[in-house]
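K.L.:
I'd like to ask you about the structure that follows.
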């Protein structure tokens, strides 16, 4: 998961009320956006005479990528499509959890419902293919399938940030080129991992990426997973040089983040700084963050949006009140007993979204198994206390 709170769950394995009328106990949607799906189906018919039945198969999806590159279908530069600069990357940008059907393939119906729900709540952008999106578990073809669907569903309503997370630089550059082909608005990359280097190699990694893409680039500080902590001074230097346009900080290191904020301000604010915290977003805003990327916003985007608006208005009492509500909601990752890591973090989020009626299942990517039994009941209890499920709502089976 992408928020620091969820990464604290990962470390175990590695070393308010929702507005009524949106989703009741059965999760009936208030509003749908059929035009995006209809539009996407027309797109498929235009580019592919074949039926769209080879779900998540590489050659088919590569064909879409090549067509997009050749015909420039929705691949105009980000600033042309949205008329925005990097200052537009601010506010609440949830890292999107990806629903699966019983066959563990992308559940497009649930995916669109969840995306539209967050956009309707007023989020400022959406981040796909991060930790919450289980990017580490996806084949390349599955990644491209996600991007293909995302660009059609979102349909320019908010900026789309895409994770281009891979082990080493050349693989990341390949992911960048493919992501641009699908029409995303910004890229998010970690430091290299597996073959670990030092600060010199990490800095060269980001400079190499910049030389091969013209999209806005965010550094993803995620030491719990990639085992490299990004240095604030280096990040600001890369920002001043135009290599980076922002940082998504999921390090959980609040001291380092505060230093990053200070150095960024001293340099004229070249970087947009986004906290990956879920439980301490109020502190990040007080310190100078430009926005947040909380995985918990998949469940309660309304409170995170309201919190950001309160922060902008200087209503710190409201900011803290909403943060306390969200911190209690985050307890749902603490009540899981059967597993740790992604199963307890992303697994708890998927289970909550399933019980709220947003997802049709709580299936996980192999080899992680879906939560069941007492863990599901414990998560439902947290949801009811937080007001995200009706008190008399039954547990979905």
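K.L.:
State, as an integer percentage, the relative contact order of region 107-197 based on alpha-carbon contacts under 8 Å between residues 6 or more apart.
P.N.:
Computed over region 107-197, the figure is 29 percent.
K.L.:
Would you mind ranking 308, 194, 182 by Cβ crowding within 10 Å, fewest neighbours first?
P.N.:
194, 308, 182
K.L.:
Find the relative contact order for region 173-241 and round it to a whole percent, using C-alpha pairs within less than 8 Å whose residues are 6+ positions apart.
P.N.:
Taking the mean separation of contacting Cα pairs over the length of region 173-241, I get 38 percent.
K.L.:
Let me ask you something else. Counting residues in region 279-355 as N, plug N into 2.2 N^0.38 Å and put the Cα Rg over that result.
P.N.:
Output field value: 1.17.
K.L.:
If you don't mind, there's one more thing I want to ask. In terms of the ratio Rg/(2.2 N^0.38 Å) built on C-alpha atoms, what value belongs to region 150-243?
P.N.:
Dividing the Cα radius of gyration by 2.2 N^0.38 Å gives 1.08.
K.L.:
Now a separate question. With just the Cα atoms defining each centre, how far is region 182-230 from region 326-397? Give it in Å.
P.N.:
Measuring centre to centre over Cα atoms gives 32 Å.
K.L.:
Taking 8 Å as the Cα distance limit and 6 or more residues as the minimum spacing, I'd like the relative contact order of region 324-397 as a percentage.
P.N.:
34
K.L.:
Treating each Cα of region 160-210 as an identical point scatterer and ignoring solvent, apply the Debye formula and state log10 I(q)/I(0) at q = 0.20, 0.22, 0.28 Å⁻¹.
P.N.:
With no solvent term, the Cα-only Debye profile gives -0.62, -0.73, -1.06.
Values quoted throughout were computed directly from the atomic coordinates according to the rules given, and no laboratory measurement underlies them. Computed from a predicted model, the values in this text were never measured in an experiment. Cβ: placed from backbone, ideal geometry, glycine included. Neighbour counts: every protein chain shown.
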